[in-house]
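Down below is the structure, laid out as structure tokens.
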Amino acid sequence: MAVIAALFLTSFSASAQQEAKNGPEEAPVVITLEQALEIALSENVSVKVADLEIKRTQYAKKGTYAALFPQIDASGAYQRTIKKQVMYMDFDMSSLGGLGGLGGGTGSGEGEGAGDGTGEGTQIPDGVQLPGGSTDSESGSSSNNGGGLEVGRWNTWSAGVSAAMPLVSAQLWQSLKLSGLDVELAVEKARSSRLDMVSQVKTAYFGILLAKEAFEVYKQAYENALQNMEDTQMRYDAQKASQVELLAAKTTLANAVPNVYNAESSVILALWQLKAVMGVDLDMNLDVAGRLADYGEHMFYDIHQHDSVSLDRNTTMKQLAIQAEMLAENIKLQKYANIPTLALAFNFSMNAMTNDFNFSEYRWTPYSTVGVSLSIPIFAGGKRYQQIRQAKNQYEQVSLQTLDTERRLKIAIRQNLATMETNMKSYIAANDAVTTAQKAYDIAQASYKVGRSKLVELNDAQLQLTQAQLAASQAIHSFLTAKTQLEQTLGQDFISE
């Protein structure tokens, strides 16, 4: 048993010597609660994601405003005719007196005429195939169209610019309001992420303080057990204590060792939790400043600071309010689908039709239009009416959720206030118990050294002291946890500037 105690002390001594040897470079970075919150606000992943979501909704809002401006597009196209269209006429070509000699002459090239017996010529339009069998200018082959006229050319080129702009569109104007509310909702969700992050950081920070307090209590209990074992050993050597007392002292010392190791492990795990919430490297040598007792001095003031509470800044209620407003605007949006829309349109294009690829000789023909279009909704099978009913149904759902959420939040506020008050009273009682238990232990230890009391009485006094110290620390931690939850519910931990 003495060997275990010696090894335990040696581990603490070696750790202290190693820290002293490493110097300032290996010293932990000690931060306060305010510093931990500042780091988390800049490094926490949830906060960064929420900020990016705000930017996304802002981009979407700008995209909605873009619909108010003219939409200009350029286009270009090329078509290759595989088989030309054929046009048929309901009269005989031979009945055309002035064209009796059509086809009797010879023509060489575009715009040349055919002889008509009078010396004058009738121009044959380029791209029109004469009936009754003719020669294809591209392939040189003859085709029979059954008395029809082939129309068009083999290559068609086109390029143009089109523009469109809404003049009257009630739905578009209403969608702009919804985009603005969408950005407002994203901002509130980001605020909610910050509130949740602040609550997590505070909870983790207070958890570290509680773990350190427990470690100190169990370490003190171990040191007391070690001192008692040494005193019992001396009394046993002087034949003033029985072997049963010596074995009981060694057993008490052995039982105190696991508690110290568990408490030390809890401190390490709590520090990891804080570093994870803050968004820093888990291997960073970090420690926190302060003690739980520092917060215990302000417990009475903190509880009376919340005599009057309000849900005006509660993020859940604000999000529901924004959602309700969005759904109300959505009802108007669906109703505006029954309003006519007016739009302005402009189109300009250049076209060319050829049988070859001699671009320098192309004749480009311009074509342009401008006009307005009016669209009047008349009947859509009841689709718009059902969309309005659906929007109203969603609005009613959010209204009911708002009422239920408000009740739940008010209950949570009362529970947190009751927990704070209970733990404040528990802390006062535990503080008195610590003072009394410390005196009782000191008396029992002094009495045991002179042989006026037994080891059992000393162990009982040590147990009561340990329980009173842990109860005091737990009361402060529970008070701070409830206060953190209350502040998150009230939206008081983070106020966006």
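See the values below:
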{"quantity": "Evaluation of Val372 against (1) closer than 30 Å to Ser453 by Cβ; (2) surrounded by fewer than 16 Cβ atoms within 10 Å (Cβ to Cβ) (one fails), failing number", "calculated": "(1)"}
{"quantity": "Flag if Val260 is in contact (Cβ under 8 Å) with a residue 12 or more places away in the chain and farther than 22 Å from Leu41 by Cβ", "calculated": "yes"}
{"quantity": "Filtered residues of the stretch 439-497 (kept if more than 30 Å from Ala241 (Cβ to Cβ) and outside any helix (DSSP H, G or I))", "calculated": "Gly491, Gln492, Asp493, Phe494, Ile495, Ser496, Glu497"}
{"quantity": "Top-ranked residue in the stretch 164-189 [being modelled with pLDDT under 90 and small (Gly, Ala, Ser); ranked as nearest to Gly290 (Cα to Cα)]", "calculated": "Gly180"}
{"quantity": "Residue within the stretch 59-76 that is under 30 Å from Glu150 (Cβ atoms) and of a type outside the set (S, T, N, Q) present", "calculated": "yes"}
{"quantity": "Filtered residue count, the stretch 278-332, keeping only those that are crowded, with 17+ Cβ neighbours inside 10 Å, at pLDDT below 90 and of a type in the set (S, T, N, Q)", "calculated": "0"}
{"quantity": "Qualifying residue in the stretch 16-34 (condition: within 30 Å of Ala190 (Cβ to Cβ), in a helix (DSSP H, G or I) and either of a type in the set (A, V, I, L, M, F, W, C) or at pLDDT 50 or above (or both))", "calculated": "yes"}
{"quantity": "Boolean, Tyr448 is among the hydroxyl-bearing types (Ser, Thr, Tyr) and closer than 30 Å to Asp196 by Cβ", "calculated": "no"}
{"quantity": "Selection status of Lys202, touching a helix residue (DSSP H, G or I) at 6+ places or on another chain (Cβ under 9 Å), among the basic types (Lys, Arg) and under 20 Å from Leu41 (Cα atoms)", "calculated": "yes"}
{"quantity": "Residues (part of a helix (DSSP H, G or I), hydrophobic (A, V, I, L, M, F, W, C) and in contact with a Phe, Trp or Tyr (Cβ under 9 Å, 6 or more places away or on another chain)) located in the stretch 278-302", "calculated": "Leu292, Met299"}
{"quantity": "Test result for Ser360, surrounded by fewer than 17 Cβ atoms within 10 Å (Cβ to Cβ), over 17 Å from Ala159 (Cα atoms) and hydroxyl-bearing (Ser, Thr, Tyr)", "calculated": "no"}
{"quantity": "Residue in the stretch 326-349 that is under 30 Å from Ile82 (Cα atoms) and either free of Cβ contacts under 8 Å to residues at least 40 places away in the same chain or not in a strand (DSSP E or B) (or both) present", "calculated": "no"}
{"quantity": "The listed residue being aliphatic (A, V, I, L, M), more than 30 Å from Ala36 (Cβ to Cβ) and within 47 Å of the chain's Cα centre (by Cα), out of Val257, Val244, Val217", "calculated": "Val257"}
{"quantity": "Phe494 buried (at least 20 other Cβ atoms within 10 Å of the Cβ), of a type in the set (A, V, I, L, M, F, W, C) and at pLDDT below 90", "calculated": "yes"}
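Conditions (1) part of a helix (DSSP H, G or I); (2) in contact (Cβ under 8 Å) with a residue 40 or more places away in the chain; (3) more than 30 Å from Met89 (Cα to Cα), marked per residue:
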position: Arg153; (1), (2), (3): no, yes, no
position: Ser158; (1), (2), (3): no, yes, no
position: Val161; (1), (2), (3): no, yes, yes
position: Ala164; (1), (2), (3): no, yes, yes
position: Gln171; (1), (2), (3): yes, yes, yes
position: Asp182; (1), (2), (3): yes, yes, yes
position: Ala186; (1), (2), (3): yes, yes, yes
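The values are calculated or read from the model by the stated rules, or taken from the named source; none is laboratory data. The structure presented is a predicted model; accordingly, all values stated were derived computationally and were not measured. No Cβ is skipped: glycine too gets one built from the backbone with ideal geometry, and neighbour counts run over all protein chains shown.
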